[in-house]
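Below you'll find the structure, written out as structure tokens, and then a few comments.
The values are calculated or read from the model by the stated rules, or taken from the named source; none is laboratory data. Just so it is clear, the structure is predicted and the values come from calculations on it, not from any experiment. Every residue, glycine among them, receives a Cβ derived from its backbone with ideal geometry; neighbour counts consider all protein chains shown. For the accessible areas, the whole protein counts, side chains as well, though only heavy atoms, and no ligand, DNA or RNA atoms are used. Shrake-Rupley method; radii C 1.70, N 1.55, O 1.52, S 1.80 Å.
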Amino acid sequence: GVYVCNDTNTVCELSQHIHAEIDMEVCGEHYDFPRETGRTDEMHTHKEKNLIHWHAPIHVDPQSQDVLGEDYDRVTIQAFLNQTKFSFPATCPDNQTPKVNVSINGGVNEQGLNYYWVDGDKILVEYK
């Protein structure tokens with residue numbers, strides 16, 4: 001991405017165009033996200049199946065270049081689910097207390113749906 005800061009270097013933005021693959025299993029069934037969904041200034045999908053797109057600026061710390069505050073929440077898995085209006089069912093046919101498991105690039109992810117995804121991630125969300 002490209003970092004741009006104001007003249008006093010107190011406010012910076014990161015402008016980027018990133019993508020992540022997301023696969024989801026809900027109660028043992030594969031789920032496909034709708035295509036061509038979402039605002040282009042937020043996370044959205046295009047014609048590619050289960051590919052999250054992002055190309056909007058986000059605020060970053062001028063020193064560390066870490067994403068700041070509310071902007072962090074804009075690029076999480078949960079934010080993508082919210083934007084596509086997806087919600088998990090209360091129960092699964094074979095489990096009355098299902099749980100969400102999130103794997104990133106084949107590894108376990110402790111942040112779950114609050115994970116801030118980055119370009120090239122392969123996300124697996126399982127609800128069972």
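Annotations for the structure displayed:
- Selected residue (criterion: farthest from Lys99 (Cα to Cα)) from residues of segment 1-44 that are open to solvent by 70 Å² or more (accessible area, probe 1.4 Å) and β-branched (Val, Ile, Thr): Thr8
- Qualifying residue in segment 14-31 (condition: charged (D, E, K, R), in contact with a strand residue (DSSP E or B) (Cβ under 8 Å, 6 or more places away or on another chain), under 18 Å from Tyr116 (Cβ atoms) and outside any loop (DSSP other than H, G, I, E, B)): yes
- Cβ-Cβ under 7 Å pairs, at least 6 apart or on other chains, segment 12-33 side in contact (Cβ under 8 Å) with a residue 40 or more places away in the chain and among the aliphatic types (A, V, I, L, M), far side open to solvent by 60 Å² or more (accessible area, probe 1.4 Å) and assigned to a strand (DSSP E or B): Leu14/Tyr3; Met24/Tyr31
- Qualifying residue in segment 47-67 (condition: touching a residue at least 12 places away in the same chain (Cβ under 8 Å), aliphatic (A, V, I, L, M) and surrounded by fewer than 17 Cβ atoms within 10 Å (Cβ to Cβ)): yes
- Set side by side, the residues Phe86, Phe80 differ, and just one is closer than 21 Å to Thr37 by Cα and in a loop (DSSP other than H, G, I, E, B), which is Phe86.
- Test for Ala79: is it modelled with pLDDT under 95, touching a Ser or Thr at 6+ places or on another chain (Cβ under 9 Å), surrounded by 12 or more Cβ atoms within 10 Å (Cβ to Cβ) and of a type in the set (Gly, Ala, Ser): no
- Enumeration of residues in segment 91-128 that are open to solvent by less than 90 Å² (accessible area, probe 1.4 Å), farther than 28 Å from Gln16 by Cβ and outside any strand (DSSP E or B): Thr91, Pro98
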